[in-house]
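Everything below concerns the one structure shown next.
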Ligand code: DGL
């Protein structure tokens, strides 16, 4: 059995943890939400890289066999440094622009992500590998993460802001939308309300967890146990609200896991 660290700027990575619990429920998890510092997406590259490295080092020091950087922004800005300084497998998340380009019928793809992700070299390098006949409408989702962090994924204020952000994507006639931030799968209902059922939504959690599974197989820390593992939720802001958000946002049945929530003190 493995101990897996999952890190995000806040509650967004719960969308990845949810998928991990679906595919790999037998392992133990530490979910680390840096909600005191969310949103990362509007911070400088240096700050994001430094903070992400500190938090991943912390997870490694707790004995994690693998770490999922369940944040597109931290992956874009820091995954290279994290991989260079930590020896356990580090799995990152990236906006699914490649599968989106493959699935789009009209070659018009919307990409909703944070400003930092869209500006990053990593994202732009990936974009440059894709066919030029596919048009990508890139939109920064400014203001959405704080609303999701405060439990407002479904309310009117969020719907209004989201409508504004989705307008250029809708006007361009995109038939596919990349959810390029791990917080955004929690807007699925609101997006469907605004864009309807026909648009294809691309979320990479499934591929990320399959990659995690392969890494665990390489490490030979697979488990055939039917028992569900333990989950420790760590928040730099408020552990009780993290646990409540996890129960509310995730589809996994947390009662089948031994769950604990703690505050994350100052770490350097
Ligand atoms: N969940 C994040 C991502 O995937 C970070 C959002 C933020 O803190 O701005 O990009």
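The values are calculated or read from the model by the stated rules, or taken from the named source; none is laboratory data. Because the structure is predicted, anything quoted here is derived from the model rather than measured. With ideal geometry, Cβ positions are generated from the backbone for all residues, glycine too; neighbour counts draw on all protein chains shown.
If I filter region 12-27 down to residues being assigned to a loop (DSSP other than H, G, I, E, B) and in contact with a strand residue (DSSP E or B) (Cβ under 6 Å, 6 or more places away or on another chain), which single residue comes out as nearest to residue 95 (Cα to Cα)? So the residue we want is 13.
The residues of region 205-222 that are surrounded by 14 or more Cβ atoms within 10 Å (Cβ to Cβ) and more than 27 Å from residue 95 (Cα to Cα), listed by number, are 221, 222.
Within region 5-26, the residues that satisfy the criterion of being in contact with a helix residue (DSSP H, G or I) (Cβ under 9 Å, 6 or more places away or on another chain) and over 17 Å from residue 256 (Cβ atoms) are 5, 6, 7, 8, 9, 10, 11, 12, 15, 16. If you check 161, 194, 177 for being over 27 Å from residue 1 (Cα atoms) and buried (at least 20 other Cβ atoms within 10 Å of the Cβ), only one passes: 177.
The residue list 234, 166, 254, 249 contains one member that is farther than 29 Å from residue 118 by Cα and either at pLDDT 95 or above or surrounded by 15 or more Cβ atoms within 10 Å (Cβ to Cβ) (or both), which is 254.
Test residue 137 against the criterion of being more than 11 Å from the ligand (Cβ to nearest atom), touching a strand residue (DSSP E or B) at 6+ places or on another chain (Cβ under 6 Å) and part of a helix (DSSP H, G or I), and give yes or no. Considered against the rule, which asks whether it is more than 11 Å from the ligand (Cβ to nearest atom), touching a strand residue (DSSP E or B) at 6+ places or on another chain (Cβ under 6 Å) and part of a helix (DSSP H, G or I), residue 137 comes out as no. Here's a check for you: in region 90-119, which residue that is assigned to a helix (DSSP H, G or I) and within 13 Å of the ligand (Cβ to nearest atom) is surrounded by the most Cβ atoms within 10 Å (Cβ to Cβ)? Looking at the filtered set, the residue picked out is 117. For region 214-235, the set of residues classified as under 24 Å from residue 179 (Cβ atoms) and more than 17 Å from the chain's Cα centre (by Cα) consists of 214, 215, 231, listed by residue number.
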